[in-house]
1. Restricting attention to the stretch B:435-467, and to residues there that are at positive phi and not small (Gly, Ala, Ser), which single residue is farthest from the chain's Cα centre (by Cα)?
2. So is residue A:226 in contact (Cβ under 8 Å) with a residue 24 or more places away in the chain, of a type in the set (Gly, Ala, Ser) and over 24 Å from residue A:124 (Cα atoms) or not?
3. Among the residues of the stretch B:459-472, is there at least one that is within 9 Å of chain A (Cβ to nearest Cβ) and over 16 Å from residue A:451 (Cα atoms)?
4. Could you grab me the full set of residues in the stretch B:398-434 that are surrounded by 19 or more Cβ atoms within 10 Å (Cβ to Cβ), under 21 Å from the mean Cα position of the chain (by Cα) and either within 8 Å of another protein chain (Cβ to nearest Cβ) or among the aromatic types (Phe, Trp, Tyr) (or both)?
5. With the stretch B:128-247 as the region, which strands (runs of 3 or more DSSP E) entirely inside it contain at least 3 residues that are of a type in the set (A, V, I, L, M, F, W, C)?
6. If residue B:36 meets every condition in (1) without any contact (Cβ under 8 Å) to a residue 60 or more places away in the chain; (2) in contact with a strand residue (DSSP E or B) (Cβ under 7 Å, 6 or more places away or on another chain) apart from one, which number is that one?
7. How about the stretch B:176-189: which of its residues are more than 7 Å from chain A (Cβ to nearest Cβ) and among the small types (Gly, Ala, Ser)?
Protein chains: 2
Amino acid sequence: MTPAQSAMLADLARTIDAKAIVTDADAIVPWATDWRDRYRGRAPVLLQPSSTTQVATIVTAAARHRVPLVAQGGNSSMVGGATPPADGSALILSLRRMDRIRSLDADAGFAVAEAGVILANLHEAAIAAGRRFPLTLGARGSATIGGLVSTNAGGTQVLRFGSMRGLVAGIEAVFADGSIHDGLAPLKKDNRGYDLTQLLVGAEGTLGIVTAATLRLVTLPTVRAAAWAGTDGPESALRLLRRCQAATDALESFEILPRESLDAVLAHVPGTRSPLAAAHRWHLLIETTDPRGAEQLEELLSTALADGLIADATIAASDAQIADFWRIRDSISDAERAMGPASQHDISVPVEAMPGFMIAAAAACEARFPGTHASGFGHLGDGNIHFHVRAAAGTDAGRWYRDAVPDVTRFVDDLVVAAGGSIAAEHGIGQMKIDELERLASPARLHALRGVKAAMDPLAILNPGKLVRLASPPATQ
Amino acid sequence: MTPAQSAMLADLARTIDAKAIVTDADAIVPWATDWRDRYRGRAPVLLQPSSTTQVATIVTAAARHRVPLVAQGGNSSMVGGATPPADGSALILSLRRMDRIRSLDADAGFAVAEAGVILANLHEAAIAAGRRFPLTLGARGSATIGGLVSTNAGGTQVLRFGSMRGLVAGIEAVFADGSIHDGLAPLKKDNRGYDLTQLLVGAEGTLGIVTAATLRLVTLPTVRAAAWAGTDGPESALRLLRRCQAATDALESFEILPRESLDAVLAHVPGTRSPLAAAHRWHLLIETTDPRGAEQLEELLSTALADGLIADATIAASDAQIADFWRIRDSISDAERAMGPASQHDISVPVEAMPGFMIAAAAACEARFPGTHASGFGHLGDGNIHFHVRAAAGTDAGRWYRDAVPDVTRFVDDLVVAAGGSIAAEHGIGQMKIDELERLASPARLHALRGVKAAMDPLAILNPGKLVRLASPPATQ
């Protein structure tokens with residue numbers, strides 16, 4: 001522990017309860033490394049406050065002693081966004097004990113959830129009140145509201161209700177000087193200056209510590225219908241997507257995956273089977289909650305079949321079959337991992353440009369890195385795919401990650417920028433993409449990001465080394 | 001003209017065309033005063049660039065010579081947000097010549113419009129392409145996209161599609177150092193750091209000059225139905241609103257007005273007549289584009305009548321009758337002006353709190369300022385009303401505005417803050433509310449606003465004296 005850290009802890013020992021201060025190394029270790037074991041950090045102390053006041057006390061002490069804090073929820077970041085630096089200079093600030101749903105108003109359609117509330121628990125609470133919180137993703141059993149807000153999380157149901165940004169109606173946060181910002185009131189119209197709520201969404205804990213959020217709830221759907229279709233390519237898929245969107249406002253998911261993704265799942269995930277009899281180059285998973293349900297979906301797909309946009313399709317006959325469809329979709333990452341090392345890219349381009357990008361980028365990668373196999377799968381309707389470049393068979397994993405992945409990453413990111421896209425679609429920047437953001441962002445954007453960071457966190461104590469580096473480090477005490 | 005202004009103009013004379021530099025005082029005067037003639041400013045020069053590059057050239061010169069710029073679109077601000085200061089220190093930067101719709105993609109549902117595009121022209125272009133830009137307001141014939149974005153404009157159709165913030169998918173802007181930020185790509189998912197688009201929406205031209213925006217278009221409704229209803233009060237109205245929202249996702253407007261607002265219109269606006277035969281304490285204007293149209297509306301209103309939520313209702317039999325309903329609603333401000341001086345407040349509280357607030361705030365104002373008459377009308381569904389306190393009959397207008405309005409404003413604003421609301425709902429802060437924002441915002445909020453302003457505009461050349469003042473003025477050259 002550094003002298004500054006010791007001094008800070010001495011301050012805290014006088015002001016907050018002992019349970020909030022964890023110094024047992026064994027208890028800290030699991031939280032100092034990200035869940036995929038790609039970023040190994042070290043932290044001498046893990047702080048776990050139980051209230052916003054305690055968070056404010058901690059941040060005030062951190063500012064006083066200039067000790068950096070790394071805010072953490074479920075530790076499910078895909079970009080090392082919640083892992084402390086390896087030098088032990090920072091403390092982990094875990095929000096998990098703040099796990100109360102403070103209020104839930106079904107009529108008004110709002111819930112106020114603390115940062116440590118686990119997504120699945122919010123889902124349950126909303127359903128119990130006859131409402132729905134419509135954002136969901138694979139990590140729903142561990143991801144917390146604070147983390148989801150701070151990373152502007154996406155997932156598989158963004159098409160209709162948007163990402164976290166669109167679902168956050170208010171935020172309570174502790175700023176870098178320890179002051180509490182109370183912005184929880186769910187005001188539909190509020191023009192009192194710059195939107196601090198939207199500024200904190202997606203800021204990855206670098207501008208303030210989100211302690212609670214007011215979240216929108218929507219009506220519970222009465223009908224749910226899903227289809228699985230085979231198609232010749234993303235271009236046809238996009239045309240079908242536009243038809244579906246013209247026919248209903250209730251299209252919830254429109255996911256695309258190539259044959260090799262399906263094959264990987266069928267080969268590596270026990271109990272899965274292909275929804276369609278014949279093989280198809282590309283597959284679609286479409287879900288809607290339109291009251292017209294399966295009937296409407298069948299009509300749309302029949303016409304698409306007649307017009308050659310799809311080659312075959314099946315509509316789920318039960319909720320169990322819908323779950324089977326989603327099990328395939330949700331298993332792709334695991335299944336592909338079993339097939340060997342890959343370079344994975346969470347990227348977006350304008351939706352209209354996605355079909356062309358998927359084909360051209362895969363071809364370009366395979367040409368540039370002989371022996372690799374490239375393909376994308378995911379959220380076609382959001383213009384967001386997970387683009388994976390798999391190493392040639394027999395490649396040593398260690399060497400691949402060390403030598404090839406950085407080159408592949410730069411190559412893919414250049415293609416994304418050329419297509420007017422984003423190198424960080426739904427997983428954020430964290431520490432994984434901070435160099436690429438600096439390399440590729442326009443000077444105007446980078447200057448603005450750094451300016452806002454310096455203004456909101458002048459001592460650089462909030463999640464340093466994530467999202468953006470300051471142009472010049474703060475003066476030392 | 002100050003020496004700095006002259007030097008800046010000498011720079012510009014070499015780099016941009018003469019048409020972009022207006023120095024004729026008569027041509028400038030109409031743009032130096034706000035449309036309601038409440039703020040009289042002065043500017044020796046009006047700059048009217050025709051391209052983003054020209055805007056960048058102008059801002060670069062302004063930064064070099066430290067000459068403040070006041071960005072202006074249709075000059076329809078309600079809070080003096082686009083009026084230059086009276087001392088002539090700033091130049092007007094008019095975006096009106098940048099009036100091109102650069103692209104409109106009906107399939108993708110996006111239009112890229114330059115800052116000077118007039119809202120009504122965007123409406124027409126969208127309709128011509130079979131789409132709809134769903135934000136509208138009284139000033140649609142003069143308000144420009146740049147101003148609407150920069151003020152996060154609201155209006156009468158916010159209920160379903162949100163205010164401007166929800167409709168902006170990307171922004172091109174010139175930052176205070178003259179650099180161009182190209183954020184126009186319509187990416188549905190983009191987590192490359194702080195959301196600069198959302199930061200610029202509602203920033204009132206104090207963080208950058210918005211030169212173009214990518215705007216969402218929605219499907220054109222096939223059905224439009226509207227009803228006028230009489231009810232005993234806002235509490236019943238809110239219950240009806242919740243029923244309507246549970247029955248349809250396509251509720252577009254839910255406006256409330258007290259009897260005195262209707263009476264004012266009937267008395268002062270020729271050709272208007274009451275939609276209902278009997279007198280009611282409160283009136284509602286409800287509009288939907290649900291495919292079930294008038295039939296669904298009739299069903300909802302019949303049940304509401306049976307349950308006592310409304311006392312009477314009529315459904316518009318034609319588009320002309322819908323227009324008549326809206327004519328009443330849109331004439332309230334003019335009609336009330338004809339009734340004598342008033343103190344007007346554009347405020348919001350959480351929707352659930354609005355019925356109680358409307359009754360209690362009116363009573364509190366009338367008790368505190370004897371002889372006045374207070375009432376609110378407007379967007380009940382958004383938790384946003386225009387709350388007017390009318391002077392006692394015979395009050396001298398000059399004296400009322402000078403002596404009474406500041407007191408009334410502080411009194412009303414205190415009530416709003418106590419109800420967890422916003423003193424600036426849809427009209428912004430501008431110069432009208434800057435003192436009240438400083439008085440009432442929490443230290444945390446004010447500190448954050450000032451920090452962001454100082455970071456993005458360190459020389460304070462962008463719309464100074466609007467929205468927020470810097471804690472300390474920038475060092476002079």
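1. Looking at the filtered set, the residue picked out is B:463.
2. Numbers: in contact (Cβ under 8 Å) with a residue 24 or more places away in the chain: yes; of a type in the set (Gly, Ala, Ser): yes; over 24 Å from residue A:124 (Cα atoms): no.
Criteria not met by residue A:226.
3. yes
4. If the condition is that a residue be surrounded by 19 or more Cβ atoms within 10 Å (Cβ to Cβ), under 21 Å from the mean Cα position of the chain (by Cα) and either within 8 Å of another protein chain (Cβ to nearest Cβ) or among the aromatic types (Phe, Trp, Tyr) (or both), then B:421, B:422, B:423, B:424, B:425, B:426, B:427, B:428, B:429 are the ones that fit.
5. B:168-175, B:208-216, B:225-231
6. Result: residue B:36 passes all but (2).
7. B:176, B:178, B:183
Table: residues versus (1) assigned to a helix (DSSP H, G or I); (2) surrounded by 20 or more Cβ atoms within 10 Å (Cβ to Cβ); (3) touching a Pro at 6+ places or on another chain (Cβ under 8 Å); (4) assigned by TED's automatic domain parsing to the domain that holds residue B:138.
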residue	(1), (2), (3), (4)
B:11	yes, no, no, no
B:14	yes, no, no, no
B:30	yes, no, no, no
B:37	no, no, no, no
B:49	no, yes, no, no
B:59	yes, yes, no, no
B:62	yes, yes, yes, no
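The values are calculated or read from the model by the stated rules, or taken from the named source; none is laboratory data. Nothing here was measured: the structure is a model prediction, and the numbers come from that model. With ideal geometry, Cβ positions are generated from the backbone for all residues, glycine too; neighbour counts draw on all protein chains shown.
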